[in-house]
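Written below as structure tokens is the structure these notes are about.
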Amino acid sequence: MKNIYKPIRCVVEEVIEESPTIKTIRVKPEEEFNFLAGQFIEFTVPGVGEAPFTPSSSPFCKEYVDVTVMKTGRVTEKIHQLKPKDIVGIRGPYGKPYPLQDFKGKEILLVGGGVGLAPLRALFLALIETIKDYKRIIFCCGAKTPQDYIYKNLILGEWQGFCDKFPLSFRITVDKKDDKWKYMEGVVTCTLDNLDIDIKNSVSVVCGPPIMMKFTTLKLLEIGYKENQIYLSMERKMYCGVGHCRHCLIGELFVCKDGPVFTYEQIKDKPNIWA
Amino acid sequence: MAETETYYITKKNWENFLSKKTNDYSIFGPILIEGNLHYEKVSQLNIENIIYDKARPIEPLKIFFFPFKEKILPAIEQFPNLVIIGAANCDLKGLEILDKVFIEGDYKDPNYSKRRENTIVISIDCQNPYSTCFCEPIGTRSYPEKNFDINLTALKDGFILQLGSEKGKKFIEDLKNFSDVSSELIQERKEIREKTEKIVKENNKFNFFNKIEKIKGLYEKEYWKKIKDIANCVQCGSCTSNCPSCVCLLLEDIGDKDYFKKIKVWDSCLYPGYARMASGASPRPSLYERYANRFLCKYWYMFENFGTKGCTGCGRCISGCIGKIDKRKVLEELLK
């Protein structure tokens, strides 16, 4: 019998310093590993522990898997100490992905804040891969300061070049700018002012810290999005990832099995969703 | 069908049979220790001390399938062939719930699956329910109907033995000296069962079964703060540890730099750190929210998740409570 807790061995290929508190770890799995945007994995540092992350690399990329990790606790601190050639493990993928079938023909609004841009990077790259299926993409990005921006060379660099080729635009902000910053200043919800978008034919996808998701959701509702047009990536403490350990329950919903992507409609009446 | 096969066997013949089985199986059964029923290893020396006609043992049946702490990666390869005697229907129901969580879904727990395969469960008809028992009002029968390999109804000098599975049938294939069951004996069994049912019902005047649906949506701590007894909860986790159907577990990595090794340990949703995330935030920061979660999980979430309530009415959470909280009183106040 296959052991549900057995990870795939991976070799760390690269550690990319994204911001003072966030790193992207690029690993090469020793077995074939596939996932869909929005699904998550359990990432093990042997001898230390395991934590859930949504990969930030493209689901179409077969060579490696990226996870972008903020240093927050015991396990993430050890993840930040990883070096190339170190051995780690991943198991999964778990949970339900973003329902891309339902996004077809629509204007897709992505709203990400801080390390919450990580799952959106995987989603964005998946959308770009099949861009003909969607009407257009508006990608709203936020971070505390310019130094805190992750994927700077992509969001402020390479991906800007995509805007000429694809129906795509960016709205980029920081809570507090510095002298060199040439984009917007203000919390990420300010990127939602004066949106030129056909809301009826749109879906919004939000990922970021709880307080950011809360206010972004309220703002989206205010500008006319319906509860079932707002997709949220939820986070909870999690051990098993497979619906056994019950740590991740939001009401009766498992973040690991029923999520981690939920519509606001699904969870709005559950207790303490913005914890 | 094996399920309907029912025999009569004298106590002496059963004990002789079981005595021989101790060579091939590791057998556990309820034995009185300082007035309490505990699962003890059965040997030829204590076989006569097994109690068949009281109630559930102190320990929940889950300890044999989902122990407090065990290695899960790599999974355990070899398990002994186990026979567990003395489970009452509340514990069988608990096992049914554990099966739904650990083997009937998309992901099977490797240790649990193997332990389940290697274990024969011999249940009993509960004949002396505790004052804390509330099986009947919560919808669990006081006697086994399914989920057993063999069920024994203790009579004066023997047992009505009912087969419940092929595994049970195979276990007794070399059993001799049994006889068919007369209609008088079946009538006796019926009376035993009715008597137990009556005691449980008399001990529980409040009918939870009809009202339990009202618990849906009672997330807010204000509902729970009104119930004074909850303040006595010291968050020790006794209720969750003793519960035959609590499944919460945590995983701990005990490997080293380049190999993976994990253990699986019981956890309790009443512990303050249970749902606390790395950031320090918790979706259930107060005792009342955690207490609510335990009840909502038992009587609502488990039903949504697995089609069955997560409570079997065994009453261990009442008898083991350090704060002397009677769950039935809490439910009664909450649902009235």
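What to note about this one:
- Test result for A:Thr44, without any contact (Cβ under 8 Å) to a residue 60 or more places away in the chain, part of a strand (DSSP E or B), farther than 15 Å from A:Tyr151 by Cβ and within 14 Å of chain B (Cβ to nearest Cβ): yes
- Screening A:Gly73 on (1) touching a residue at least 24 places away in the same chain (Cβ under 8 Å); (2) within 9 Å of another protein chain (Cβ to nearest Cβ) shows it passes everything except condition (1).
- All told, A:Phe124 meets the bar of being aromatic (Phe, Trp, Tyr), within 21 Å of A:Gly208 (Cα to Cα) and either in a helix (DSSP H, G or I) or more than 17 Å from the chain's Cα centre (by Cα) (or both).
- Out of B:Arg276, B:Arg284, sole residue that is surrounded by fewer than 21 Cβ atoms within 10 Å (Cβ to Cβ), assigned to a loop (DSSP other than H, G, I, E, B), within 12 Å of another protein chain (Cβ to nearest Cβ) and of a type in the set (D, E, K, R): B:Arg276
- For region A:91-101, the count of residues that are at pLDDT below 95, assigned to a loop (DSSP other than H, G, I, E, B) and within 18 Å of A:Met238 (Cβ to Cβ) is zero.
- Some residue of region B:74-96 being within 13 Å of chain A (Cβ to nearest Cβ), part of a loop (DSSP other than H, G, I, E, B), under 29 Å from B:Glu304 (Cα atoms) and among the β-branched types (Val, Ile, Thr): no
- Filter pass, A:Gly49 being under 30 Å from B:Ile103 (Cα atoms), more than 16 Å from the chain's Cα centre (by Cα) and not polar (S, T, N, Q): yes
- Cβ-Cβ distances below 9 Å connect the following pairs, each with a first residue in region B:234-255 that is within 7 Å of chain A (Cβ to nearest Cβ) and farther than 17 Å from B:Ala275 by Cα, a second residue that is surrounded by fewer than 18 Cβ atoms within 10 Å (Cβ to Cβ) and not hydrophobic (A, V, I, L, M, F, W, C), and a separation of six or more residues or different chains: B:Asp253/A:Gly47; B:Asp253/B:Lys261; B:Gly255/A:Gly47; B:Gly255/B:Lys261.
- Out of A:Leu220, A:Leu232, sole residue that is modelled with pLDDT of 95 or more, closer than 25 Å to A:Ser56 by Cα and assigned to a helix (DSSP H, G or I): A:Leu220
- When the criteria are applied in full, A:Ile90 meets the requirement of being within 14 Å of chain B (Cβ to nearest Cβ), out of contact with any Leu (no Cβ under 8 Å at 6 or more places or on another chain) and crowded, with 20+ Cβ neighbours inside 10 Å.
- The residues of region A:1-19 that are assigned to a loop (DSSP other than H, G, I, E, B) and either more than 23 Å from A:Leu154 (Cβ to Cβ) or at pLDDT below 95 (or both), listed by number, are A:Met1, A:Lys2, A:Asn3, A:Ile4, A:Tyr5, A:Lys6, A:Pro7.
- Set B:Pro57, B:Pro110: member being buried (at least 20 other Cβ atoms within 10 Å of the Cβ), at pLDDT 95 or above and either among the polar types (S, T, N, Q) or under 24 Å from A:Val242 (Cα atoms) (or both): B:Pro110
- Of everything listed in (1) over 18 Å from A:Gly116 (Cα atoms); (2) out of contact with any strand residue (DSSP E or B) (no Cβ under 7 Å at 6 or more places or on another chain); (3) within 14 Å of chain B (Cβ to nearest Cβ), the single unmet condition for A:Lys214 is (1).
- Positions within region A:236-257 being facing another protein chain (nearest Cβ under 8 Å) and among the basic types (Lys, Arg), in sequence order: A:Arg236, A:Lys237, A:Arg246
- Qualifying position, being farther than 27 Å from B:Ile212 by Cα and away from chain A (no Cβ under 14 Å), among B:Thr153, B:Thr140: B:Thr153
- Exactly one residue among B:Ile84, B:Ile72 is of a type outside the set (Phe, Trp, Tyr), crowded, with 23+ Cβ neighbours inside 10 Å and touching a residue at least 60 places away in the same chain (Cβ under 8 Å), and that residue is B:Ile72.
- Residue list for region A:228-275, restricted to those being more than 20 Å from the chain's Cα centre (by Cα) and more than 20 Å from B:Ala275 (Cα to Cα): none
- Among (1) touching a helix residue (DSSP H, G or I) at 6+ places or on another chain (Cβ under 6 Å); (2) modelled with pLDDT of 95 or more; (3) within 14 Å of another protein chain (Cβ to nearest Cβ) - the single one A:Thr68 does not satisfy: (3)
- For region B:287-304, filtered to residues that are touching a residue at least 12 places away in the same chain (Cβ under 8 Å) and at the interface with chain A (Cβ under 10 Å from one of its Cβ atoms), the residue that is farthest from B:Cys243 (Cα to Cα) is B:Glu289.
The values are calculated or read from the model by the stated rules, or taken from the named source; none is laboratory data. Only a predicted model underlies this, so the values are computations on that prediction, with no experimental measurement involved. A quick note on method: Cβ atoms are made from the backbone with ideal geometry, for glycine too, and the neighbour counts reach across all protein chains shown.
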